[in-house]
Amino acid sequence: MKNIISVTSSIKPKPKLNRIQICILYFFLFAFIGWLMETLYAIYNLGYFTKRGFLYGPICPIYGYGALMLILFLGKYRKNNLKLFVYAAVLFSAFEYIASYALDALFSMHWWDYTNEFFNLNGRISIFYSFAWGIIAILFLNHIYPFLKKKINLLLSKIPYRLQVSFIYLLFTIFIIDTIASCIRYLS
């Protein structure tokens, strides 16, 4: 009995990704899902595929950053839908406005334009999308994120730690290269 106890107590737990690595993984997952939604929406509206987003690759970083902002800053309001709705509507409207302004200032291009939308601010944000961000935040934090978090944790438990870390570094490296290449493209 003593030998069994000493053997089991010497088994080290499997290493897990740290918080930053998990955030990077979520960033890429939700940036890809955002790109996929944008692409499907464009196909539905236009009837054909059109490149969506700033980068060459199949991600829209604004969705990845938005998901992280929800998880990290607004997650504590999951149980209070009214606060979550209001804070998300304000936060994402400000974020969308700043992102639109920055992209316009840096590259003289508009990736979205709400000029024809009711109650818009300089065509960068509109009341409809502010309302939508609030609803999306409630759905995301109360349903989508918990569901995907459970599935991701299950998947990660089956993948060796070194492979997980290598995959994250590979994604991050590709993202940096894509960002630089995209900036060069839009600046020239």
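The single residue among Lys51, Lys16 that is under 21 Å from Tyr145 (Cβ atoms), outside any helix (DSSP H, G or I) and charged (D, E, K, R) turns out to be Lys16.
Just one of the numbered conditions (1) in contact (Cβ under 8 Å) with a residue 24 or more places away in the chain; (2) more than 18 Å from Tyr63 (Cβ to Cβ) is not true of Ala137: (2). Taken together, Ala89, Ala94 contain a single residue that is out of contact with any strand residue (DSSP E or B) (no Cβ under 7 Å at 6 or more places or on another chain), closer than 19 Å to Ile125 by Cβ and touching a residue at least 40 places away in the same chain (Cβ under 8 Å), which is Ala89. The single condition among (1) assigned to a helix (DSSP H, G or I); (2) at pLDDT below 95; (3) loosely packed, with under 14 Cβ neighbours inside 10 Å; (4) hydrophobic (A, V, I, L, M, F, W, C) that Phe118 does not meet is (1). Of all residues in segment 55-109, those that are surrounded by 13 or more Cβ atoms within 10 Å (Cβ to Cβ) and over 16 Å from the mean Cα position of the chain (by Cα) total 16. Set side by side, the residues Gly64, Gly47 differ, and just one is among the small types (Gly, Ala, Ser) and either at pLDDT 95 or above or within 23 Å of Ile180 (Cβ to Cβ) (or both), which is Gly64. The condition (being at pLDDT 95 or above and under 29 Å from Gln21 (Cβ atoms)) is satisfied by just one residue among Leu82, Leu139: Leu139. Within segment 158-188, the set of residues being in a helix (DSSP H, G or I), aliphatic (A, V, I, L, M), without any contact (Cβ under 8 Å) to a residue 24 or more places away in the chain and under 30 Å from Pro13 (Cβ atoms) comprises Leu163, Leu170. The residues in segment 11-65 that are among the hydroxyl-bearing types (Ser, Thr, Tyr), over 27 Å from Leu156 (Cα atoms), free of Cβ contacts under 8 Å to residues at least 60 places away in the same chain and touching a helix residue (DSSP H, G or I) at 6+ places or on another chain (Cβ under 8 Å) can be counted, and the count is 1. Scanning segment 92-121 for residues that are touching a Gly at 6+ places or on another chain (Cβ under 9 Å) and closer than 13 Å to Ile136 by Cα turns up just one, Phe92.
Rundown of residues vs (1) assigned to a loop (DSSP other than H, G, I, E, B); (2) under 19 Å from Phe32 (Cα atoms); (3) of a type in the set (D, E, K, R), yes/no style:
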{"position": "Phe85", "(1), (2), (3)": "no, no, no"}
{"position": "Ala94", "(1), (2), (3)": "no, no, no"}
{"position": "Ala99", "(1), (2), (3)": "no, yes, no"}
{"position": "Leu103", "(1), (2), (3)": "no, no, no"}
{"position": "His110", "(1), (2), (3)": "yes, no, no"}
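The values are calculated or read from the model by the stated rules, or taken from the named source; none is laboratory data. Only a predicted model underlies this, so the values are computations on that prediction, with no experimental measurement involved. A quick note on method: Cβ atoms are made from the backbone with ideal geometry, for glycine too, and the neighbour counts reach across all protein chains shown.
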